[in-house]
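Everything on this sheet refers to the single structure shown next.
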Amino acid sequence: MKDMIRRAAKDIMAAKSAVALTGAGISVESGIPPFRGRGGIWERIDPMTFGHIDTFEADPGEVWRVLIRDLKEIIDRAAPNDGHKGLARLETMGRLKAVITQNVDGLHQAAGNTEVLEFHGTCSRQRCMDCGGKMATRDVDISELPPRCPCGGVLRPDWVFFGETIPLEALRRSRQLASECDLMLVVGTSAVVQPAAQIPVIARDVGAVVVEINPERTPLTGIISDYLIKGGAGEVMNALISELEGTR
């Protein structure tokens with residue numbers, strides 16, 4: 001792995017506009033389960049029932065009981081891990097422009113990244129279905145479900161349910177960043193879920209170096225990405241930051 005870390009550090013140092021795309025794998029180390037894949041939330045909960053906006057609108061209390069309540073408690077306790085902190089450190093060093101994420105946990109912002117494009121919205125914030133007011137999820141009282149806004153409206157996660165569209169501004173800005181970058185770090189995701197799957201492709205098409213950080217090979221490996229650094233996000237980012245700080 002050392003040779004790959006050195007290669008990635010060299011590529012980052014040479015880049016003028018680096019962007020990261022992250023997925024569930026970067027947050028697993030913070031105790032947040034993925035939605036898809038082995039051990040994911042959708043293995044035990046039907047996504048097209050409890051993850052769909054139609055079900056929430058028909059019975060928000062039940063969706064809160066089955067899906068959102070437990071996730072709120074997990075996210076309330078979660079803290080950024082070394083993977084998140086490493087990306088924030090890259091920004092502080094002037095080596096990372098933005099993070100595009102498929103995650104809904106808000107941990108990139110908590111770690112210190114300032115431009116975070118959330119493809120699927122966030123569960124770290126709730127939105128009132130009546131007045132549109134927003135509040136931090138950790139401040140929401142769930143002694144009664146569904147929880148309600150001070151105006152009396154039902155609170156819902158400020159994320160994208162099935163049946164809803166990706167925020168257009170997040171999509172537009174993500175495509176812009178990908179088309180302008182010369183290096184993309186793809187961390188903890190195979191990028192097979194659309195439209196996020198197109199982001200590394202856009203970067204590759206404009207000649208950017210695409211670097212994967214993931215424990216296993218993905219459909220991107222050897223096709224879209226230039227190389228894969230195999231390992232957990234925290235371990236790899238720690239090694240990468242150490243290498244960069246040693247070469248400055």
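What follows draws every value from the coordinates through simple rules; no lab data is involved. In this text the structure is predicted, and so the values were computed from the model without any measurement. Because the Cβ atoms are built from the backbone with ideal geometry, glycine has one as well, and the counts that use them run over all protein chains shown.
Here, region 80-202 has an Rg and a Dmax of 16.1, 49 Å when only alpha carbons are counted.
Put a dot 7 Å past the Cα of Ala14, heading toward its Cβ, do the same for Ser179, and the two dots end up 2.6 nm apart. Rg and Dmax of region 18-127, both derived from C-alpha coordinates alone, stand at 14.9, 48 Å.
May I ask which residue of Met4, Gly25, Ser174 lies farthest towards the positive end of the charge dipole of the chain, with charges of +1 (Lys, Arg) and -1 (Asp, Glu) on Cβ and the Cα centre as origin? Positive-most Cα among the choices belongs to Met4.
Helix-only mean residue ellipticity at 222 nm, the chain, DSSP H runs n ≥ 4 weighted -39,500 (n - 2.57), per residue, nearest 500. What is it?
Working: 11 runs with 92 residues, N = 248.
So the helix-based figure for the chain works out to -10000 deg cm²/dmol.
Treating each Cα of region 1-48 as an identical point scatterer and ignoring solvent, apply the Debye formula and state log10 I(q)/I(0) at q = 0.18, 0.27, 0.28 Å⁻¹. Listed by q, the Debye log ratios stand at -0.73, -0.97, -0.99. Each listed q (0.14, 0.20 Å⁻¹) maps to a log10 I(q)/I(0) for region 143-248, found by the Debye formula over equal Cα scatterers with no solvent: -0.71, -1.05. Looking only at the chain, where both bridge partners belong to it, what percent of the DSSP beta bridges are antiparallel (to the nearest 5)? So the antiparallel bridges amount to about 30 percent of the total.
Calculate the tail of P(r) for the chain: the fraction of all Cα-Cα distances greater than 31 Å, expressed in %. Value for the chain (Cα pairs over 31 Å): 24 percent. Take the Kirkwood radius over Cα pairs of region 22-83, plug it into Stokes-Einstein at 10 °C and 1.306 mPa s, and you get 126 µm²/s for translational diffusion.
If you average over every viewing direction, what projected area does the convex hull of the Cα atoms of region 163-217 give, in nm²? That works out to 4.1 nm². Full extension of the chain between Thr114 and Arg65 gives 14.4 nm of extra length, using 0.36 nm per residue less the Cα-Cα distance. Listed peptides 63-75, 135-147 appear in the order 63-75, 135-147 once ranked by packing, highest mean of other Cβ atoms within 10 Å at the front.
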